[in-house]
1. I'd like the FRET efficiency for Asp146 and Val242, computed as 1/(1 + (r/R0)^6) with the beta carbon distance as r and R0 of 41 Å, rounded to 0.05.
2. Can you give the FRET efficiency to the nearest 0.05 for Ala256 and Val232, using r as the Cβ-Cβ distance and R₀ = 41 Å?
3. By counting other Cβ atoms within 10 Å of each Cβ, how are Val31, Val178 ranked from fewest to most?
4. Using all C-alpha to C-alpha distances in the range 66-162, build P(r) with 5 Å bins and read off the rounded percent in each one.
5. If you take the square roots of the eigenvalues of the alpha-carbon gyration tensor of the range 232-278 and sort them as a ≥ b ≥ c, do you get rounded (a/c under 1.5), prolate (a/b over b/c) or oblate?
6. Subtract the Cα-Cα distance of Leu76 and Phe171 from 0.36 nm times their separation in residues, and report this length gain in nm to one decimal.
7. Can you give the relative contact order of the range 119-199 as a percent, counting alpha carbon pairs under 8 Å and 6+ residues apart?
8. Using 0.36 nm per residue of separation minus the Cα-Cα distance, give me the extension gain between Phe179 and Ile164 in nm, one decimal.
Amino acid sequence: MAGGENRSKSSASAVPVEAVTPPVMPAVDGVLAPEERKKVLDRTVFELSREFRAEVRSRHDFDALLIRGRPVTHRLHFIVLVLVVAITAALGRGIGFGDAFLAPAVLAGGGYGLFWLALTMTGGEERERLSVDAGGKIVSVKSGRDVEARGDFLRVAIPTAILIWSGYLAFGLARDLVFAPHPNCNVPAQPGSDACLRLPNLGALMRAAAPSASASVAPAASPAADTSALTVSQAQTVERVVRGFQLLFAGGAAIASAWFIRRMLTGRWVAAIRPVHHRLSDE
């Protein structure tokens, strides 16, 4: 009996420590140990939440909840809307709009209402539930509002507004170049006079440019003539030149806006501006 007890003790003492403690490395069937699964989840949570990309709302051994964005405070925006309308109406009455003092208040309130609507459509919280399975694979389930939809909306809405505005200006300027309207004259109409536009120092420039000899032999100008003002045709020419430069800038803004929108929608970067549907979590 003593020999049997000694043999059992010796055999028990011969069992290695590695056979008693659970393995840390993955087993043959690909199952990770709990410690390794926790490390995998820790690395994923760190990568997704670094640089304030997300807030860790809850964290357990094998799952975590990340939150991105902030909910829209509708009560605060309603109070701001009422204040904007009231202050604009008071200013309109004080400036002297008379009975039409509500017109600027309605415009200001409508503008802020559109801003509030855009926040409501693109704001909110995005929830991402992370979990790690037995094989160490991360499973991500997202719900709620996509917080980066606001950035996508702004990257398309702002250049679209610029495109519409510049296109409208370009159309009006091109029409006025083809069918030149009557110029804006600042010279009072006089019988027999074609004077239309008087520019600062125009008379002094014209006298300096005219030869002195020709001025001495030139006949006296009629009282109705105004040599210091441009005629209607000359004023139209000046306005055409100004409209030409304006059309150049408006057309350039329209082309640049259309190019920017095209790159955003086709997934191509513009300098440091990322395209639409490109997520920071994918980098």
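Taken together, the values in this text are just the output of simple stated rules run on the coordinates, not laboratory data. What you are looking at is a predicted structure, and each value in this text was computed from that prediction instead of being measured. Reconstructed Cβ throughout: ideal geometry from the backbone, glycine too, with neighbour counts over all protein chains shown.
1. That pair, Asp146 with Val242, gives E of 0.35.
2. It comes out at approximately 0.70.
3. Going from sparsest to densest Cβ surroundings: Val178, Val31.
4. Bin by bin from 0 Å, the calculated values are 3, 11, 14, 14, 13, 13, 10, 7, 5, 3, 3, 2, 1, 1, 0.
5. Cα axes put the range 232-278 in the prolate bin.
6. 30.1 nm
7. Relative contact order here is 19 percent.
8. Length difference between fully extended and current span is 3.2 nm.
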